[in-house]
Each structure stands twice: as C-alpha cells, then as structure tokens.
C-alpha cells in the first residue's frame, strides 16, 4: 500500500474517551485534524474548537465524503462499528477502530474483508497494548529475563471515584443487546484479554465463573484459561465500593503478574495508581529490580497508540493490532461467555464457524 | 459522621429510595427529578449534583431502554452492597 505524505484525520464520535484517543493525533508533526463528527451538534462544535479541527459534521457519511480526509478514528457504540467501517472502507479512508471490534464474529470478518477489498489499512485500537510499562514487561519476557513464562495473573479492581461519565453512556453499556456483551468482561475486558494474548500467545480453552451485581454488572468474576503452550492464565474481577480511587480516569486499576521458570515480572498499575509503588517490578536470582523512570500515565498508552497509527500510514505498513487480532480477541470473549452460559470448558476453535456470514 | 449512624442512614436511604424508584412511573420520576434539581440548585448550587439529576430527568423522561435498565438494576441490587455504596457517598470516603 502506498505511503502517505501526511495523515489527515477525521474523528467519528466525540464522547468521553475521545479526550484520550485524540492525544496522539494532536501532537504528531505529520498529522492534521481535519474534521470531527458527532450526532450531537453542540458536542461536535465544542470538540472542533477544543482540538482546532477545521470543520465538524453530525453525520459520519458526510465526513466520509470529505476528500480532504484520508484516515478516520471510529469511536462509536459497538453496534455501529460494522456500518461505519464499511462506509470508511468504501470511501477509501484508512481505519482505526475503537475496541471491542464487533458484536458478532461474522461482523468482524466482514470488516476485514471490506478493508482488504478497498485497499485500506484497518487496525482495532486497544490502548493497553501501548502502555509503556506493559511494553517493557513484554520486552523482558521475550528476552527471557524470567525464563519460560508459566502463568499470568491479571487483577482488575473497580472502586469508587474516577472521572465523570454520562449516566446514559453507562446504561447503554449495561444493555447486553446494545453493547454486544457484558460491561466488564467484554467491554473493559477486551483490554485484559488483549494483554493476556500479547504476553503469552494463543489460547486453547477457557473456563469461567461470573456473578452479577445490580443484575447487570458482571462482577465479581474469575476467568481462567490455558494457552496452547501449556501455560495458565487467570483474570480476577472485583469491585470494592468503599475503596476510594483518586485516579484521573476510570475508578479502576489493574495488576499484571507473569510468573516464569526463574522469576516474576509485575506491572503494578495501568488505568490509575492505587499503589504508590514502582510501576514495574522484576524478581529473579534473589534480587528485585524496580523500574521507576518510565512513563506510566494511562493517557500515555492512548498517545502512543495514536502515533503508531500515524507512523504506520506514513511508512505504508500495517498498523499494530490488525483486524485478525481484533477478531481473535472477540473469539476469546465469545468462548468466555459460552463457558459462563453452558458452565463448561470452551475451546476457542469451537467459535470459528461463527465467523461465517449468517444467511439473510 | 460516626460509622453506626452512617450505616443506619444508608440503610434507610436505600430502602426509601429503592421503594420510591420502583413504585413511580418513568414520567413521574422525571418530573420529580426535575423538581429536585431545581431545589438542589437553589439550596446548594452544586453543579455536579444538578448535572446528575438533569441526566436522570432525561433518562426517565425518554421512558426507553435506559430507564428500563436503571429500574432492573434497582430491583435486582444486592442490599448490603448497595448500602455500602450509599454509605460511602454519605461519608464522602
């Protein structure tokens, strides 16, 4: 695919999370923010002024028709991902799509085909993948610092506090049909599943236990899985209503620990900073190595994700986190949900046939 | 506020609030939140509180899926867990 001289972005969807997704596009020297789009005209106008865009739209089809734009960032509710991606591909815009990729697996397959046929790049944005302590953790894992990885233990703790998210935004996420899954294990979980796959490889099977709070929020939960290489994974989801989280973003924080044959590697934060301890700690050979001098704000991961997309388009290469990667993580989620519904171990390969388009 | 008092207040608030939300129609709730927003603004001037109430006015006023989910959450909420949240809000901790 040809290299771009400059990337001229259109942002589709100007809600809460766009505050962070925009960061990399605003300060990249070879990226121009051409237009923003939101169904709310007031919000679109406000974002245009705030970010210094040239124009705004309230209909993404109009934005797709804008010949000045050559790439789009899609930040829409999950049900709208497929039509927006197909419209972008048809208009020959390169696509960065916010996670989770799709609601049904066949939708993801259709997105990949649409981008391929149109000759545009498609990437499914997942910011945790770009969080600097996780990047270093992965580098050390690959370098064999703790030996062969044996298990990964991910912890998510939801708490009181965090930034304001409109109630309506929370409520559509609690609507299984509208959201495409559950708010924690599917929507937020995509980040954790992404790290699980990124760090340790392909997953063979999953087994889960999920409880519901308030009849709609899937917490507490335990998700376990086995990798094809024999290693094990565990993700523990808890919500602590009396635990105050003074983080700048969501009232949640993560802990990711990998145990290897000769050591342990622990990332102690991501979305916020519940523990005032170094963001990355390694134990091996009887010694602790703590990394303090690393960018560790959650926003850094969004910034770097934006830069990676722009740099890829300038270099004419596939951005990291392909459509296939996105679809794999959706299969991981579907296996988790199937395991919850059928109370059994589910192999990811069982889900492959769901990628076929349903009959009309 | 002492812990035992916050606990009692939270239990009472949760019981009354839940009963009220589940026994009023969406339209009635919307109107009541509208009135409460005006009162809250006049008495406290707290913009955040008014913003939250404004959203509740819209959610119940639209009488749609969002209101249905909000009702489902209140009807299925675990009592002890909900009381803990209300208590945390009362004590601002």
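Just checking, does the stretch A:97-107 include any residue being crowded, with 23+ Cβ neighbours inside 10 Å, within 30 Å of residue B:86 (Cα to Cα) and in contact (Cβ under 8 Å) with a residue 60 or more places away in the chain?
no
Looking at the stretch A:321-352 only, could you name the residues that are outside any helix (DSSP H, G or I) and touching a strand residue (DSSP E or B) at 6+ places or on another chain (Cβ under 7 Å)?
If the condition is that a residue be outside any helix (DSSP H, G or I) and touching a strand residue (DSSP E or B) at 6+ places or on another chain (Cβ under 7 Å), then A:321, A:322, A:345, A:346, A:347 are the ones that fit.
How many of the residues in the stretch B:39-93 are assigned to a helix (DSSP H, G or I) and in contact with a strand residue (DSSP E or B) (Cβ under 7 Å, 6 or more places away or on another chain)? Quick ask: steps written out before the conclusion?
From the stretch B:39-93, those assigned to a helix (DSSP H, G or I) are B:39-43, B:47-62, B:65-76, B:79-91; that's our starting set.
Now restrict to residues that are in contact with a strand residue (DSSP E or B) (Cβ under 7 Å, 6 or more places away or on another chain): B:81, B:84-85, B:88.
Total meeting the criteria: 4.
Which condition number in (1) farther than 27 Å from residue A:244 by Cα; (2) surrounded by 13 or more Cβ atoms within 10 Å (Cβ to Cβ); (3) more than 11 Å from chain A (Cβ to nearest Cβ) is the one that residue B:17 fails?
(1)
Among the numbered conditions (1) away from every other protein chain (no Cβ under 12 Å); (2) surrounded by fewer than 18 Cβ atoms within 10 Å (Cβ to Cβ); (3) modelled with pLDDT of 85 or more, tell me where residue B:44 comes up short.
Just one mismatch for residue B:44, condition (3).
Take the stretch A:156-182 and flag every residue that is within 13 Å of residue A:337 (Cβ to Cβ) and assigned to a helix (DSSP H, G or I).
Those that are within 13 Å of residue A:337 (Cβ to Cβ) and assigned to a helix (DSSP H, G or I): A:176, A:179.
Would you say residue A:339 is surrounded by 20 or more Cβ atoms within 10 Å (Cβ to Cβ) and out of contact with any helix residue (DSSP H, G or I) (no Cβ under 8 Å at 6 or more places or on another chain)?
Taking the combined requirement at face value, the residue satisfies it.
List the residue pairs whose Cβ atoms are under 6 Å apart, where the first residue sits in the stretch B:60-88 and is over 21 Å from residue B:32 (Cβ atoms), the second is surrounded by fewer than 16 Cβ atoms within 10 Å (Cβ to Cβ), and the two are 6 or more positions apart or on different chains.
Close Cβ pairs (under 6 Å, with a partner that is surrounded by fewer than 16 Cβ atoms within 10 Å (Cβ to Cβ)) amount to B:76/A:215; B:84/A:242; B:88/A:242.
State whether the residues of the stretch A:174-185 include one that is loosely packed, with under 15 Cβ neighbours inside 10 Å, modelled with pLDDT of 95 or more and either in contact with a strand residue (DSSP E or B) (Cβ under 8 Å, 6 or more places away or on another chain) or under 22 Å from residue A:328 (Cα atoms) (or both).
Among the residues of the stretch A:174-185, not one is loosely packed, with under 15 Cβ neighbours inside 10 Å, modelled with pLDDT of 95 or more and either in contact with a strand residue (DSSP E or B) (Cβ under 8 Å, 6 or more places away or on another chain) or under 22 Å from residue A:328 (Cα atoms) (or both), which makes the answer no.
Which of the residues that make up the stretch B:52-85 are more than 9 Å from chain A (Cβ to nearest Cβ), in contact with a helix residue (DSSP H, G or I) (Cβ under 6 Å, 6 or more places away or on another chain) and under 15 Å from residue B:11 (Cβ atoms)?
Across the stretch B:52-85, the qualifying residue is only B:83.
Matching residues to (1) at pLDDT 90 or above; (2) surrounded by 16 or more Cβ atoms within 10 Å (Cβ to Cβ):
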{"residue": "B:25", "(1), (2)": "yes, no"}
{"residue": "B:30", "(1), (2)": "yes, yes"}
{"residue": "B:40", "(1), (2)": "no, yes"}
{"residue": "B:63", "(1), (2)": "no, no"}
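Give A:140, A:170 a once-over and let me know the one that is in contact (Cβ under 8 Å) with a residue 40 or more places away in the chain and either within 30 Å of residue B:81 (Cα to Cα) or in the same structural domain as residue A:235 (by TED's automatic domain parsing) (or both).
Sole residue among the options that is in contact (Cβ under 8 Å) with a residue 40 or more places away in the chain and either within 30 Å of residue B:81 (Cα to Cα) or in the same structural domain as residue A:235 (by TED's automatic domain parsing) (or both): A:140.
The values are calculated or read from the model by the stated rules, or taken from the named source; none is laboratory data. What you see is a predicted model, and the numbers here were worked out from it, not measured in a lab. All Cβ positions, glycine included, derive from the backbone under ideal geometry; neighbour counts span all protein chains shown.
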